[in-house]
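The values are calculated or read from the model by the stated rules, or taken from the named source; none is laboratory data. Here the structure is a predicted model, which is why all the values come from computation and not from measurement. With ideal geometry, Cβ positions are generated from the backbone for all residues, glycine too; neighbour counts draw on all protein chains shown. Areas reflect the complete protein model, heavy atoms only, side chains present, ligands, DNA and RNA absent. Shrake-Rupley method; radii C 1.70, N 1.55, O 1.52, S 1.80 Å.
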Amino acid sequence: MSQRLRPLAIALLVGLSIAAFVAITLRLRLDPNVAALLPDSGNAAAMKRYVRGFGGGDLGVVMVKGPDATDNAAVAAEVAEQLRKRASVEQAADRVDTSHTLDPMLAWRHADARSREKLAKALSPEGMRTRLQETRAMLLAPGSSAMADVIAQDPLRLAQLVFESADVGAGVRTQPDGAFATDDGKMCLVLVKPKGQALRGEDARAFVADVNSVLDGLRPAHPQVEFGLTGGHAIAAATEKMLERDLTISGSLSMILASVVFALLFRRVRALLAVMPPLLLGTIWTAGCAAALPGGLSAIAVAFMSVVVGVGVDTGVHVYAALLEARRAGHAPAEAASIARKKTARAVLFAATTAAAAFAALAMSDIRAVRQLGILCAAGEVLTAVAIVLVTPEIGKYLEKGPPPPPQKAAWTGVFVWLTGTRARAAVLALVAVTPLLVLAITGAPPLAEAIVAIRPKKLEPLRVQQQVFDAFGGKRGQWVVLVADRDLDTARARGDKLGEALAALKDDVESVDSLSAMAPALSTQSSRLAERDTLYLPARGEELSRALTEVGFSVDRFEDALASMKKPSHQTIALDDLRGRPSAILMSRYLGFDEGEHLVGIYVRPRDVPNAIVHIEETLSKTDSGAVLTGYTRLESSLRESLSSDIPKIALVAALLVIMALAASLRSVRDVVLAAMVVLCEVAAVLLLLRVFSIPLHAYSALVIPVLLGITVDEGMFLLHRARTEGAGPHLIAATLKDEGPPIAATALTTAVGFGSLAFCDFDGLRDLGLVGAIGSTVGLFVALSVVPAGLRLFTGSTEAPKLKTDN
């Protein structure tokens, strides 16, 4: 670098670094929003909207689990009482209020179609007498005195009939006293309505801190009780914490392992002092770019640091190797630095640009997190390469003032020299290298795994607690969500009521329907149901009930209030505001959300495991309300598969075209381009086979690494072919090429592998699988390059000079 340009370069580096530090400090944040991990189209788009609309107000659930039912109930009540005093908690309840007796004539407000039929039947002369006989038997049973007042208000037990036989339930399992508890009382729940949004980091952290403070205070006094916390806020806070851990550990481990591999293979520890500072600069610049991403850094995109470090070391290896080579040739340190920069700049920047192009192809993905990863890794490839080309020679000239070390003697390269020593052995080695392609053509690629594993980390404590709650209360995953959106809340609720009844009618296809309609139907729905009730002519039914009471043996005077309510039935409706002051209001956030200016109503459907259930449900939705959409995590499987099936061909095609163009521009040789392309093809085929052998899941995130391997592993073949061209023709061409270029490409490939491999220590399943695929691909790519390139050189007859492309002038 000339003396005139050095101040300008230093000022530029310092300015970029300061700007990056400011951006990282002020703007970089991790995004725990699972919506970033979902595709932008298809069923997943509806799921993203559900996550946004309902994730912001999700209920928290505190688990209280112990051997003593009475103790559990008392502890749950204490947890609820203390949580209600916390700043981050809007409401907390360990039970619903059962003290309010529902006017039996208003039971129609909450009755679905089947329940309304039963109500009408119960008000027939025969139905009245049957119900009253059952009531009399209940009152004669031991311990029934507590029921007397309730029966006096509702002798036909109409309210009980509604809530016991409803097809549309409220999705909450309670005990007779209203407690959220299992039948044996060994697990109690406290439902908590947090303030703020689950997807806003500070809100989630504040809520979790308050809950943990309460639980930590109770644990010493109740050592036999197990506490747990789950729900949207808990999952979001745990996810953010996990991402911070993954980013720190994988980034640090990548830097350490890359340094170790570099030192072992390059055998020049001081070279790290020249390579690591610019590599750190490039990583900081890339993190500065990450700070500019709208919405924060997603779970998958945190992999960029490990990948940038692992792949970025490649450039340092080649630049420093050129510096040492110039010193061995007798050049002074400053002159050697200049020679190294001029000799390697074009090749390494070409290689970095090629890899960056492959990463940039991920920007075509339908998944925002994958797009982020591709953009950041592409930027990191170029930025670290530029930093290393500018800085490493400048540092290296001070480190290499003494006599240069002798050339490395890598005995292991002799294995590949021998394997390609004759045309016969070269042909056998080439056949072994292409065998994965043949096997893959026969057996096909490994099947896509369960995609949902990548977005539900198994190690999250809130998810473990959630599973315990499912197991204890008989719940299970697999429910679908019908989403209704409307700018008017009452209209949205009315549409939801109608859909709930239509879905509940599909008894052969639907196991259960859970909607707000059981607690608080829309006002129009209530009015319609009460109007249907009035067609039964309740005053006349009151006279019939009076006669039936006498016939069964009851004293009519005891039921004056019930008879009066039939003679003049109430038309009182229940509004959402009426519920907000009661403990049951805590359940409302399960059904009501808001997103992009529209009110959302969620209806939860659990289908039966029967053929064509989904077809019948979709047909019913289409007929009842064409604007409603069906989504849910279970439904995501098909959406992610569709997205993956669409993304991989597009990304692979773009990456392949970019790599071929880069190869043609860089190598400008038909033979060399074909050999380099064969290296990549054989490597990808081998990787796909190894994924099947080691049972590594191929899902929406790990699968998208495979097209990227086209760009990041083509370097080994390119550098071998470049070196072969500089060695010239002769009988020792292959041996000289492998001796000079083998150690550097081994260092570059294995540092890339450890960069990806460090992700294997992440807790996030998607990141871990992504890292394993990248590590296997980089390692396999090295061995394929060391096999295919020398074998190809040996198998070409005549001169080892490669035939030139017509574009080569």
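Key figures for this structure:
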quantity: Kirkwood Rh and Cα Rg combined as Rg/Rh, the stretch 472-608; calculated: 1.09
quantity: Rounded FRET efficiency, nearest 0.05, which uses the C-beta distance separating ARG608 from SER527 and R0 of 25 Å; calculated: 0.15
quantity: Computed accessible area, MET661, all protein chains, 1.4 angstrom probe, square angstrom; calculated: 130 Å²
quantity: Signed unit charges on C-beta, dipole axis of the chain, positive-most listed residue HIS722, VAL510, LEU690; calculated: HIS722
quantity: Rounded accessible area of VAL610 (nearest 10 Å², 1.4 Å probe); calculated: 60 Å²
quantity: Point-to-point label distance, ASP183-ALA334, nm (Cα→Cβ direction, 7 Å offset); calculated: 8.9 nm
quantity: For the chain, size of Cβ-based charge dipole, Lys and Arg +1, Asp and Glu -1, in debye; calculated: 3480 debye
quantity: Positive dipole terminus of the stretch 660-803, leading residue within HIS732, TYR701, ALA785 (C-beta point charges); calculated: HIS732
quantity: Sequence of VAL714, VAL754, VAL615 from largest to smallest accessible area, 1.4 Å probe; calculated: VAL615, VAL754, VAL714
quantity: C-alpha long axis of helix 6-26 to longest principal axis of the chain, angle in °; calculated: 10 degrees
quantity: Stretchable slack from LYS121 to PHE594, in nm (0.36 nm times residue separation minus alpha-carbon distance); calculated: 166.3 nm
quantity: Amide N of the stretch 685-717 lying under 12 Å from the label point, which is placed 7 angstrom from the Cα of THR443 along Cα→Cβ; calculated: 686-695
quantity: DSSP beta bridges in the chain [antiparallel fraction, %, rounded to 5]; calculated: 95 percent
quantity: Estimated distance in nm for a label pair at LYS458 and ALA74, the labels positioned 7 Å out from Cα along Cα-to-Cβ; calculated: 4.0 nm
quantity: Label-point separation, ARG114 to VAL415 (7 Å along Cα→Cβ), nm; calculated: 6.8 nm
quantity: The chain - accessible surface per residue (Å², probe 1.4 Å); calculated: 41 Å²
quantity: Solvent-accessible area of TYR604 with every protein chain in place, 1.4 Å probe, in Å² to the nearest 10; calculated: 10 Å²
quantity: GluC sites (Glu not before Pro), loop per DSSP, at most 13 other Cβ atoms within 10 Å - longest free stretch of the chain; calculated: 1-449
quantity: Helix axis angle, 765-795 relative to the chain longest principal axis, alpha carbon, degrees; calculated: 30 degrees
quantity: Among [x] 42.0; [y] 55.5; [z] 33.7, the entry derived from the coordinates for mean projected area of the Cα convex hull in nm²; calculated: [x]
quantity: Tilt relative to the chain, helix 633-667 - C-alpha long axis, 0 to 90 degrees, to 10; calculated: 10 degrees
quantity: List ARG606, ARG529, ordered by accessible area with a 1.4 Å probe, largest first; calculated: ARG606, ARG529
quantity: Exposure rank, largest accessible area first [HIS699, HIS732; 1.4 Å]; calculated: HIS732, HIS699
quantity: Sulfur and carbon atoms: percent of accessible area, the chain [1.4 Å]; calculated: 61 percent
quantity: Difference of contour (0.36 nm per residue) and Cα-Cα distance, SER512 to ARG547; calculated: 8.8 nm
